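Reading through the structure tokens given below for one structure.
The values are calculated or read from the model by the stated rules, or taken from the named source; none is laboratory data. Nothing here was measured: the structure is a model prediction, and the numbers come from that model. All Cβ positions, even for glycine, are placed from backbone atoms using ideal geometry, and neighbour counts span all protein chains on display. The area values use the complete protein model at the heavy-atom level, side chains included, leaving out ligands, DNA and RNA. Shrake-Rupley method; radii C 1.70, N 1.55, O 1.52, S 1.80 Å.
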Amino acid sequence: MSFNFASMVKFAVYFRQGVIYTILLSACTVALGFILALGLALMRIAKPGRSTSSKVLVKILHFVSGFYIEVIRGTPMLVQLFIIYYIAYGPGGLSAPDFTLFGFINGKQFVPGIVALSLNSGAYVAEIVRAGIQGIDYGQTEACRSLGMTKFQNMRYIVLPQAIKNILPAIANEFVTIIKESSICSVIGMQELMFNAKLVQGASFRPSEPLLIAAALYLCMTVPTSKIIAYFERRMRRGDQR
């Protein structure tokens, strides 16, 4: 099999746009997914007060968060993407904002893609956040109470900063995972890297070169990100050893 990568030069704009689309999609997904995950994790670890209404509310929070996480983790991402795009944002559903970024990012496809990926990512990251919060020594919480701090102050100033520091590598790894999994959005016409690679395949009648270039570009995005994650992880461990 012979390769002709020189013929791909004229399609460079498609690969460039695909990379920009993929990075922006992944960054938005990780940010929104983390916010959702934090809320789900706090719901999962909520503790009831002494009143009956407080106990009922906490049971509801536990059920809702647990049910959501199980449903999302138990169904394929492709199915979730189709449900969001064709049902939630389909005819008679929600109206996605109609805007254009950089001249090639269409909001009507971009927003449903972010929503679907964020909902999926949030369910997985929620368990990471929950484990990080529960990994903090409970003695620190007791010390906060002895100082007169409220539960909110304890969570905001003591527990969350330490938990986020501990789970930061896992959150950063989620960014790498989303970069790769964002290729699934090509099935709904989002012009990310994989979709544009298919366009180049059809326009050039060359099936192999666009796929190899796309694979190389995914590596160019994920490998440096992994190295940056490893660097910050070493820095954080160094600070703990002091």
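Under 16 Å Cα to Cα from Lys151, which lysines show up? Leave out anything in the same chain fewer than 8 places away.
Lys47
The range 33-107: which chymotrypsin sites (Phe, Trp or Tyr not before Pro) are DSSP loop and have at most 16 other beta-carbon atoms within 10 angstrom?
Phe99, Phe102, Phe104
Once the piece of chain linking Lys47 and Leu94 is laid out straight, how much longer is it, given 0.36 nm per residue of separation minus the C-alpha distance between them? Could the numbers behind the result be given before it?
On the way: separation 47, 0.36 × 47 = 16.92 nm, distance 3.47 nm.
13.4 nm is the gain from fully extending Lys47 to Leu94.
Based on the Cβ-Cβ distance from Phe152 to Leu101, what FRET efficiency comes out when R0 is 51 Å, to the nearest 0.05?
Details: r = 37 Å, r/R0 = 0.72.
For R0 = 51 Å, the calculated efficiency reads 0.85.
Please compute the Kirkwood hydrodynamic radius over the range 182-240, one decimal place, Å, based on all pairs of different Cα atoms. Provide the component values of the computation, followed by the final result.
Values: mean 1/r = 0.0747 Å⁻¹.
Roughly 13.4 Å, rounded to one decimal.
Going down the list Lys59/Lys180; Lys108/Lys198; Lys10/Lys180, which pairs span over 28 Å between their C-alpha atoms? Walk me through the intermediate numbers first.
Working: Lys59/Lys180 36 Å; Lys108/Lys198 21 Å; Lys10/Lys180 25 Å.
Violating the 28 Å Cα-Cα cut-off are Lys59/Lys180.
With a 1.4 Å probe and all protein chains left in place, how much of the accessible area of the range 74-115 comes from carbon and sulfur atoms, in whole percent? Working shown, then result.
Numbers: 1620 of 2380 Å².
The C+S portion of the solvent-accessible surface of the range 74-115 is 68 percent.
Please identify every one of the trypsin sites (Lys or Arg not before Pro) in the range 32-88 that sits in a loop by DSSP and has no more than 14 other beta carbons within 10 Å of its own beta carbon.
Details: sites: Arg44, Arg50, Lys55, Lys59, Arg73; in loops: Arg50.
Answer in residue order: Arg50.
Looking at the P(r) of the range 34-142, how many percent of alpha-carbon pairs lie beyond 17 Å?
On the way: 3786 of 5886 pairs.
Beyond 17 Å sits 64 percent of the P(r) for the range 34-142.
Nothing charged except the Cβ atoms of Lys and Arg (+1) and of Asp and Glu (-1): what's the magnitude of the dipole of the chain about its Cα centre? Round to the nearest 20 debye. Spell out each step's value before the answer.
Working: 23 positive and 11 negative charges, 141 e Å.
Dipole magnitude for the chain comes out near 680 debye.
Can you give the percent of C-alpha pairs in the chain whose distance is more than 25 Å?
Details: 15735 of 29161 pairs.
Of all Cα-Cα pairs in the chain, 54 percent lie more than 25 Å apart.
Using +1 on the beta carbon of Lys and Arg, -1 on that of Asp and Glu, and nothing else charged, what's the dipole of the range 88-176 about the Cα centre, debye to 20? Don't skip to the end; give the middle numbers.
Details: 6 positive and 5 negative charges, 39 e Å.
Value, rounded to 20: 180 debye.
For helix 193-204, report the angle its Cα long axis makes with the longest principal axis of the Cα atoms of the chain; keep it between 0 and 90° and round to the nearest 10°.
It works out to around 10 degrees.
At 0.36 nm per residue, and after removing the present C-alpha to C-alpha distance, how many nm does the segment from His62 to Phe205 gain when stretched out fully? Don't jump to the answer; show the numbers that get you there.
Working: separation 143, 0.36 × 143 = 51.48 nm, distance 5.34 nm.
Value of the extension gain: 46.1 nm.
Ile83 to Ala143: extension gain in nm, 0.36 nm per residue of separation minus the Cα-Cα distance? Before the final figure, lay out the partial values.
Working: separation 60, 0.36 × 60 = 21.60 nm, distance 4.69 nm.
Using 0.36 nm per residue and subtracting the Cα-Cα distance, I get 16.9 nm.
Just add up the charged neighbours of Ser182: K/R +1, D/E -1, any other residue whose Cβ is under 14 Å from the Cβ of Ser182.
On the way: positive: Lys180; negative: Glu174, Glu181, Glu192.
Taking every Cβ under 14 Å from that of Ser182, the sum is -2.
Per DSSP H run of at least 4 residues, take -39500 (n - 2.57); add these up for the chain, divide by its residues and hand me the 222 nm value, nearest 500 deg cm²/dmol. Walk me through the numbers before you get to the answer.
On the way: 8 runs with 165 residues, N = 242.
Helix contribution divided over all residues of the chain: -23500 deg cm²/dmol.
Would you please calculate the Kirkwood hydrodynamic radius of the range 1-89 over all C-alpha pairs and express it in Å, rounded to one decimal? It would help to have the intermediate numbers written out before the result.
On the way: mean 1/r = 0.0582 Å⁻¹.
Computed over the range 1-89, the radius equals 17.2 Å.
How big is D, in µm² s⁻¹, for the range 125-218 by Stokes-Einstein at 25 °C and 0.890 mPa s if Rh is the Kirkwood radius over C-alpha pairs? Kindly include the intermediate steps, with their values, before the conclusion.
On the way: Rh = 16.7 Å.
Answer, rounded: 147 µm²/s.
Choose one of Ile84, Phe175, Ile45: the residue whose Cα lies farthest towards the positive end of the charge dipole of the chain (beta-carbon charges +1 Lys, Arg; -1 Asp, Glu; about the Cα centre).
Toward the positive end, the furthest listed residue is Ile45.
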